[in-house]
Amino acid sequence: MNDVAAPVVGLRLLSFRPKEMVAWWAALLGGRPQSLNSRITAITGLSLRVVIEHSQIALPYHPEASGVTVVNLVVDLGAVQPMLDRLARLGCVPQRATRELGAIALWVRDPNGTDVALHLPSPGGHWTAGADVLPEELYVDAVLADISCGRPVGGHAP
């Protein structure tokens, strides 16, 4: 048995909407916001710590100014439904679902406009260096139905 906890990965995001970002990332991670000073708040989940910093250079028409355009997270099937429920209370639902080798991703967008892919394990392959291909688009509702019924996530292509 391994008693050593995995290190927490850190992600720092600049935002022009810090209150909305803190609420959104707290819902995603299921963590409590911790104010570090008047401009910086941290939210810590099981293996990810997100620091939101109020910034004058991060503008609503330019999400790249936050420093990140896409965040990819690997999510356990048991954790994804509570995560989606918390986000739904904020009015955020997955807008897209894709199949990649060994995973299905549900795509949500944070208040900065950053795409966040929630990668769920899926039968039918493993990640390899040669698996860099365009993802297959899936029906979001079919993936969500698989999750809510406790079925292996397979999704259905449009």
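Could you tally the net charge around Val51, taking each other residue with its Cβ under 11 Å from the Cβ of Val51, Lys/Arg +1 and Asp/Glu -1?
+2
Please give me the summed charge of the neighbours of Gly78: other residues whose Cβ is under 15 Å from its Cβ, Lys and Arg +1, Asp and Glu -1.
It works out to a net charge of -1.
Excluding Glu137 itself, what net charge comes from residues whose Cβ is under 15 Å from its Cβ, given Lys and Arg +1 and Asp and Glu -1?
-2
Read the figures in this text as sums done on the coordinates, not as results from a lab. Small disclaimer: the values here were computed from a predicted structure and weren't measured. A quick note on method: Cβ atoms are made from the backbone with ideal geometry, for glycine too, and the neighbour counts reach across all protein chains shown.
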